[in-house]
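The values are calculated or read from the model by the stated rules, or taken from the named source; none is laboratory data. Since this is a predicted model, take the numbers as computed values, not measurements. Don't worry about glycine lacking a Cβ; one is built from the backbone with ideal geometry, like all the others, and counts go over all protein chains shown. Ligands, DNA and RNA are stripped out before the accessible areas are found, and what is left, the full protein with its side chains, is counted by its heavy atoms. Shrake-Rupley method; radii C 1.70, N 1.55, O 1.52, S 1.80 Å.
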Amino acid sequence: MSEIVERTLSALPGLILQDSPSGASSKLGSLIRSITALTSRQEEEKLIQQELANLKITVSSPNTTLRQMKECMVRFIYCEMLGYESGFGYIHAIKLAQQGNLLEKRVGYLAVSLFLHENHELLLLLVNTVLKDLQSTNLVEVCMALTVVSQIFPKEMIPAALPLIEDKLQHSKEIVRRKAVLALYKFYLIAPTQVQHIHEKFKKALCDRDVGVMAASLHIYYQVIKDNPSGYKDLTGSFITILKQVVGGKLPADFNYHSVPAPWLQIQLLRILRLLGKDDPRTSELIYDVLDESLRRAEINHNITYAILFECVQTIYTIYPKADLFEKAAKCIGKFVLSPKINLKYLGLKALTYVIQQDPNLALQHQMTIIECLEHPDPIIKRETLELLYRITNGQNVIVIVQKMLEYLKQSKDECTIIALVGKIADLAEKYAPNNQWFIQTMNVVFSIGGDVIHPNIPNNFLRLLAEGFDDEKEDRQLRLYAVQSYLALLETKNAHYPQRFLQVISWVLGEYAYLAKPKSVESVMTKLYDVLKRTSVTSETKVWIVAAITKLAALSPHCSLVDRLIQEFSTCLDTLMRQHVSELKLLRADGPLMQKLFPVDSSCEDLMVDASLSFLDGFVADALGSGAAPYIPRHQRQEEKMSREKALNLQPYGLCFSPSLPSVSLTDGHSPSAVSVLSGISGNSGETGQKEDTRLKLDGVKKLWGKEGYLFKKEGTSVEPESISAPLDSVVSLSGNKKPQRTDESLAPITEEEKEKRQLASTLFVGLGSNAVSLMGKTEHTPKKFKRKSKMGRNKVMNEESSSLPSHLSSDGDSCTPPTSDMHLMNSRLLDSNASREQLDTLGEGGVSSSLFANTNMDIIKTLQTTLPNEETCSVSHVPSLMPDLAQYPHSSVRETASNDALSLYFSKVWKEESLLLAIIIVNRTSSGIQNISVNFEDSQNCAISSSLRCQFSQVDALGRQQCWGSVQMLSPCSTEAVYGCISYQSQLEEPSQLTFSVDFQLVDFIRPLSISTEEFGKMWPSYTSELKHKITVVSGQKSLTGVLRTLQQGINLYIVEIIGDEGLAACQMLPTVPSLLHCHFSSGLLTLWIRSLSSTLPDCLLHQCQKALEEQ
């Protein structure tokens, strides 16, 4: 019966026109014939506009029947497919889906799914119809409703449809159960928290008697396992059993493709097992046998079996390693690489790039083939070869590899390739530059060839590197001097044309460091910049950079007449920004001492105190709002509103094969960013992120070089020598035999000059491979980075110079009696977002549970001032006191010693309650006699307030006894860290009164709690918060989705994730007791853009620092 239903549904599109009234199909056919006969775009637009006008009259007429409306809707669809918006017909498509019969409803649903997007306001009008059809007894109506739900459905209406779709999981028809699973998969993608309670029903779908339902459930499991692999380890056996049945051919023949049993099902299962077995020896042992079986059975020479083998290789190198599987995978990769077929060669290079981290010597076995691929006529092969060379670059071969990349860059005309490749070259130049001259010359070539299409962060970070320098001031000066000399020489070249970004780099460097070129006067440098300013090819943006450089140089040469000439010439410039800079220069020119104070020599890295929130305008804004002015809407919100109102084609390109993951921190940012470097992205086949990224082939920007007669095929067929083919194609996937490929003994044939050159190139490219000097795809390098930047976070350091006097038992480098630094109790589940899973928490024994919320915040930093080293026997962890049960029931840090002497030991613990932070003090008597008149006092702190209950007194502490006191701590003003100092006064029976001083460090995260609000509440609160901060952070932890990044921030600073939609996310938190903050996040290509708003003018800066810290430590 199910087969009949499926055939009926598949035949419905063909019946649309067959059941139409007379003339219906002829109108659509006439429209198509008229369009194909046109010769220009203008004629097409005129014809479509006339057609839309006729359709508007027809659908607006009250006499139009539903059958006529159906025919009009088909023509609407065709016009939309050509890119012409027909918004007036959207409401009629919804009406047709609501009122029509089966075929008319089908066309209405089809039109709605093509016209509307998930956030369209008209979509709410369809919800009631969908809910009604889900409850229908007509099987076709139920299927159509489920299809629409799995394509477009309002997120806020998911709770209304979810119970109905859950019931469909128990439906008697397989097609309904399958579509219900796909609908739930859609719900999980847009609102994962709303379907977490039905995970048990997912397991029933996985065990469904219908293979199609089971296959559909794998999509959901792939996503949930990707988010939380540890929570689904118990299903490993089920996935292995399914894969064994698939490989064994026990599925119906309908799932076979070219005699291969369910290949796409095999690929999905291999990806799931890859996630489950990563870094897990026990789970990996269960996977070994089925992997071996999959490799052995993939013996059919077809593209789909090559795809299965590729997934097997990735899985083998992702799970816990096994020697014999490594050997088989390496053999498979070798046969791919040596294949004469272009597709297989590309697949081999991609796999080789993926596995090079685990087996770097594998590249040595195919070094001559890799050299040949550098000259391959297929640009994709050549580009993937450069990707492989990028992974094996080290300090010994960087010059040769960068030269090869530059040669390819000069030949390439593809914009996407240029953008990607210059990022990689910049990365290698920064990491492994042998000297300053080579680095500057290489970057000059990059700027010259890359032009204005390169990512703007490449020049920005190059300038940041010059400004921040190294740990050696002499090295800094030499690098800057060579850069200045190089750029002055370039400006002296006549009739030379440089890209605008390159001119901006030159302007900034000369403006900052022209004083280093002593043979050249500052006036001569200003003259050269003025000549560039006068060129007609220079854009307005570049002119502003040049004027800024001349302004800096004018502070060094206050009496230069060139400045007066520039001011006179450009004071009336039509460009507003240019005129503003010239006006500023004119005013500064009139006050020489002020100008020199504003532009000191080599001050580009000086930290400036900037009020980013512009709090001095609060009064003006309040008056304007009180007078009826509209609240300011940030630019990103205006763009979002505009995009929600408009429906346009998505013209953004797909992800690049060479996608540079570069920081986007501009030099003009008002806040000091964290240390960033020019990091080019890694493609999905890298060893570091290839296990997390989508491994589909990315062929964007590829030129169509294939003609009717197969251009590349003929070209390769004439260029490949028989000796270069080591294995026939028939054996390309045969892994069970032991017969080695037959090769001609190269020693018997004379070596040509070309072969000698290739071998010499191979020895140069692959030098150092397999040694400690090689940098493999993010693997820990033993070769120090050439350009190691200085840390600019000095003012945020927690430990001061006194921390160097810590005793060995409290030092982080100590080997004995070091208390654990991460055994913190789990925060109460009420502080967690609903997305957090308890299954991700690891028990650490009686000491407590490690909290992911505070694991990476380093909040328990102890600073000891006056202490003496305790006896060795008192340093045992077993002597550490415990908290009282009333406090221990809440999340708390481990009990740690902060000060001690021969008489007393002072311990403390932070207790994180939802509404407050408590500090517990434990006093331990270490003597065999009593101690009297104990008094605990705290000094006044600028940013923290200590409750009076912590200023406690005890009349006596018995021998080897202990006393506890606790109280609340409140942060008055937001700051990254604050040290609270105190002392204990006491008197022993035989000694004079004594004191023991101590200190406890509090961090901002101690006082941050999640703020549980809805999206609507977020939208109402956002405009009312005037203190705003915007910043861009490069995520270098390997996170590929906004969900993962927000989870990292949630764990680091206790955020509440309000909502995630695509690459946009909302989060909220509050600083105790009631200082809320809102975060709007946008994540794209490894770049996180943060908008932080709060009632406090200083809290956004502190939160930004905590976000940077959490992402860096991940």
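If you go through the stretch 134-150 and keep only what is closer than 18 Å to Ala191 by Cβ and open to solvent by 20 Å² or more (accessible area, probe 1.4 Å), you end up with just Ser150. Note on the stretch 449-473: among residues that are in contact (Cβ under 8 Å) with a residue 24 or more places away in the chain and not in a helix (DSSP H, G or I), the one that is nearest to Pro379 (Cα to Cα) is Ile454.
Listed by first and then second residue, the pairs linking a residue in the stretch 548-575 that is without any contact (Cβ under 8 Å) to a residue 40 or more places away in the chain to a residue that is of a type in the set (S, T, N, Q), with Cβ atoms under 6 Å apart and 6 or more places separating them unless they lie on different chains, are Asp575/Ser540.
Set side by side, the residues Lys244, Lys250, Lys233 differ, and just one is open to solvent by 50 Å² or more (accessible area, probe 1.4 Å) and within 15 Å of Ile319 (Cα to Cα), which is Lys233. For the stretch 395-407, a residue qualifies if it is touching a residue at least 24 places away in the same chain (Cβ under 8 Å) and open to solvent by 30 Å² or more (accessible area, probe 1.4 Å), and the qualifying residues are Gly395, Gln396, Ile399, Val400, Lys404.
Taken over the stretch 531-554, the criterion of being within 20 Å of Phe599 (Cβ to Cβ) and either outside the structural domain of Gln504 (by the TED database) or over 42 Å from the mean Cα position of the chain (by Cα) (or both) is satisfied by Ala554 alone.
Taken over the stretch 928-961, the criterion of being more than 30 Å from Cys1107 (Cα to Cα) and crowded, with 16+ Cβ neighbours inside 10 Å is satisfied by Ile931, Ile934, Val936, Phe938, Leu950, Cys952, Phe954, Val957.
Of all the residues in the stretch 424-448, those that are open to solvent by less than 20 Å² (accessible area, probe 1.4 Å) and part of a loop (DSSP other than H, G, I, E, B) number 1. Counting just the residues of the stretch 393-418 that are assigned to a helix (DSSP H, G or I) and among the β-branched types (Val, Ile, Thr), which one comes out nearest to Ala330 (Cα to Cα)? The residue in question is Ile401.
For the subset of the stretch 597-629 comprising residues that are modelled with pLDDT under 80 and hydrophobic (A, V, I, L, M, F, W, C), which member is surrounded by the most Cβ atoms within 10 Å (Cβ to Cβ)? Once the filter is applied, the top-ranked residue is Ala612. Residue check: is Val1058 at pLDDT below 85 and touching a Leu at 6+ places or on another chain (Cβ under 7 Å)? It is false that Val1058 is at pLDDT below 85 and touching a Leu at 6+ places or on another chain (Cβ under 7 Å). Of the residues making up the stretch 56-96, those that are in contact (Cβ under 8 Å) with a residue 40 or more places away in the chain and over 39 Å from the mean Cα position of the chain (by Cα) are Arg67, Gln68, Lys70, Glu71, Val74, Arg75. Just for the stretch 966-1007: of the residues that are of a type in the set (Val, Ile, Thr) and over 17 Å from Ala920 (Cα atoms), which one is least open to solvent (accessible area, probe 1.4 Å)? Across the stretch 966-1007, the extreme among qualifying residues is Val1005.
Can you work out which of the residues in the stretch 1035-1045 that are open to solvent by less than 20 Å² (accessible area, probe 1.4 Å) and not in a loop (DSSP other than H, G, I, E, B) is farthest from Ile946 (Cα to Cα)? Filtering the stretch 1035-1045 for residues that are open to solvent by less than 20 Å² (accessible area, probe 1.4 Å) and not in a loop (DSSP other than H, G, I, E, B), the one farthest from Ile946 (Cα to Cα) comes out as Leu1042. For the stretch 483-509, name all the residues that are open to solvent by 50 Å² or more (accessible area, probe 1.4 Å) and part of a helix (DSSP H, G or I). Correct list: Gln485, Ala489, Glu492, Arg501. Consider the stretch 322-358 and keep the residues that are charged (D, E, K, R) and open to solvent by less than 40 Å² (accessible area, probe 1.4 Å). The one that is nearest to Asp292 (Cα to Cα) is Lys335.
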